[in-house]
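Participant: Sharing a structure, written as structure tokens. Questions coming.
The values are calculated or read from the model by the stated rules, or taken from the named source; none is laboratory data. Nothing here was measured: the structure is a model prediction, and the numbers come from that model. As a convention, Cβ positions derive from the backbone with ideal geometry for all residues, glycine included, and neighbour counts pool all protein chains shown. These accessible areas exclude ligands, DNA and RNA; they are computed on the full protein's heavy atoms, side chains included. Shrake-Rupley method; radii C 1.70, N 1.55, O 1.52, S 1.80 Å.
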Amino acid sequence: MHKKLFIPGPTEVAPDVLQKMATPMIGHRSKDASALQRDISDKMRQVMYTQNPIILSTSSGSGLMEGSIRSLTAKRAIVFSVGAFGNRWFKVAEANNVPADKHETEWGKATTPEVVDKYLSTGKYDVFTITHNETSTGIMNPVEEIAEVRRKYPDVLWLVDSVSSLAGAKIEVDRLGIDVCITSSQKALALPPGLAVASVSKRALEYGKRVKYRGWYLDILEIYKYIETKDHQYHATPSLSHMFALTYQLDRILAEGLDARFARHKSMAEFTRAWAKKYFALYPEEQHASQTLTTITNTRNIVVADLNKELAKVGMQISNGYGDLKEKTFRIAHMGELTLDDVKQVTAAIEQILKLR
Ligand SMILES: Cc1ncc(COP(=O)(O)O)c(C=O)c1O
């Protein structure tokens, strides 16, 4: 039996979207391939509220996290971390010999605009990174407020990991001034894993020229060069199957309506948060709790693996905590294709299995 996924990726994929992955192949140097990428870009720009070029990478989101920090940092990057995925970005920088520092906030709390201001005011950095939605702690960082302080530092590039939030929460890339905004196919976009998507500002593409060793496969400038000069093609063979599914899925997303989609996610988040507070406790500080997943403190010391065994019998699966939070928390994701009814169903099932009252 298929288990409905309430885990923070991979998420449920609608059957008709899945079917599009089986579209017969076309040549990746064909006019049809160019048209496909152009079409995806036009629709992604709407979802991301940007005029910036869109690039795809046949990798998961980590690929573009690596590609962006490596190919755009000429001087030094400051990575603001609020959990496991912020720490990953720093690790990626170190592994690529990219000069970088990390500021790690106490887990469960958000990155504050003040701390961003403090680091950027030193003049040491030409790149800073923010995790929009930290999937381990369930924090959604206040990018609106961070954008305010960032305006004081227009020469510093802003890279955002919106892997587990884009298409489930509104991120107005151009209004906020985000230079690179990255997501993965298997989260709120609700596609199978294997494709990463990013918007890249013209400024980032210009700044990147200062970096000598940018790698090749994940070099943002190399990827963009083919978009620009080869009519929206790629330097290496892309996952056309994902592209067929993505263009179709973007039509579904736009047909739902972006505001309606974000409101659906908000209502699922509010419900799950209230439920978490009633029976357990919320792990992140509430004013910065995520709109796409809820990280719940395991106050009853439940064994999540056992709970999942029982949930499997009724065709559902939730997630244990991530990394250091493995046993201390568990997570219910509410993103992509899921609805408020789905969330009510999974929480009711948990109440019944654990005999909560
Ligand atoms: C916030 C965040 N950043 C980065 C990643 C890494 O993305 P991927 O697994 O697509 O490489 C994840 C994956 O769960 C994530 O949740």
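Participant: One residue is enough: does the stretch 87-98 have a residue meeting the conditions touching a residue at least 40 places away in the same chain (Cβ under 8 Å), over 30 Å from ASP155 (Cβ atoms) and not aliphatic (A, V, I, L, M)?
Facilitator: No - not one qualifying residue is present in the stretch 87-98.
Participant: Can VAL79 be described as within 16 Å of the ligand (Cβ to nearest atom) and either of a type in the set (Gly, Ala, Ser) or at negative phi (or both)?
Facilitator: When the stated conditions are applied, VAL79 passes them.
Participant: Taking the stretch 146-180 as the search range and keeping residues that are within 22 Å of ASP259 (Cβ to Cβ) and not in a loop (DSSP other than H, G, I, E, B), which one is most open to solvent (accessible area, probe 1.4 Å)?
Facilitator: ARG175
Participant: Still on this model: I'm told VAL116 meets every condition in (1) part of a helix (DSSP H, G or I); (2) within 16 Å of the ligand (Cβ to nearest atom); (3) β-branched (Val, Ile, Thr) except one. Can you identify the failing condition by its number?
Facilitator: Looking at each condition in turn, VAL116 falls short on (2).
Participant: OK, next. Of these, GLN51, GLN37, GLN46, which one is in a helix (DSSP H, G or I), touching a residue at least 40 places away in the same chain (Cβ under 8 Å), more than 14 Å from the ligand (Cβ to nearest atom) and farther than 27 Å from LEU340 by Cα?
Facilitator: GLN37
Participant: Can you say whether PHE85 is under 30 Å from LEU340 (Cα atoms), of a type in the set (Phe, Trp, Tyr), open to solvent by 30 Å² or more (accessible area, probe 1.4 Å) and within 16 Å of the ligand (Cβ to nearest atom), as far as the supplied structure shows?
Facilitator: yes
Participant: Is it the case that some residue within the stretch 290-297 is farther than 22 Å from VAL197 by Cβ and assigned to a loop (DSSP other than H, G, I, E, B)?
Facilitator: No, that holds for no residue.
Participant: What tally of residues in the stretch 215-246 results from selecting those that are in a loop (DSSP other than H, G, I, E, B), among the hydrophobic types (A, V, I, L, M, F, W, C) and farther than 30 Å from GLN19 by Cα?
Facilitator: Summing the residues that are in a loop (DSSP other than H, G, I, E, B), among the hydrophobic types (A, V, I, L, M, F, W, C) and farther than 30 Å from GLN19 by Cα in the stretch 215-246 gives 1.
Participant: So ALA255 clears everything in (1) within 16 Å of the ligand (Cβ to nearest atom); (2) among the small types (Gly, Ala, Ser); (3) over 17 Å from GLY61 (Cβ atoms) except one condition, right? Which one?
Facilitator: Of everything listed in (1) within 16 Å of the ligand (Cβ to nearest atom); (2) among the small types (Gly, Ala, Ser); (3) over 17 Å from GLY61 (Cβ atoms), ALA255 misses just condition (1).
Participant: Could you list, in sequence order, all residues of the stretch 305-335 that are part of a loop (DSSP other than H, G, I, E, B), of a type outside the set (Ser, Thr, Tyr) and in contact with a Pro (Cβ under 9 Å, 6 or more places away or on another chain)?
Facilitator: Residue satisfying the conditions is MET335 alone.
Participant: Within the stretch 227-267, which residues are touching a strand residue (DSSP E or B) at 6+ places or on another chain (Cβ under 9 Å) and open to solvent by 20 Å² or more (accessible area, probe 1.4 Å)?
Facilitator: Scanning the stretch 227-267 gives PRO238, SER239, LYS266.
Participant: Let me ask you something else. Residues of the stretch 35-72 being farther than 18 Å from SER241 by Cβ, touching a strand residue (DSSP E or B) at 6+ places or on another chain (Cβ under 7 Å) and open to solvent by 10 Å² or more (accessible area, probe 1.4 Å), which ones?
Facilitator: ARG45, ASN52, PRO53
Participant: Restricting the stretch 156-214 to residues that are within 12 Å of the ligand (Cβ to nearest atom) and charged (D, E, K, R), which is farthest from VAL17 (Cα to Cα)?
Facilitator: Per the criteria, the residue is ASP161.
Participant: Scan the stretch 342-355 and give yes if some residue there is in a loop (DSSP other than H, G, I, E, B), in contact (Cβ under 8 Å) with a residue 40 or more places away in the chain and over 14 Å from PRO8 (Cβ atoms), otherwise no.
Facilitator: no
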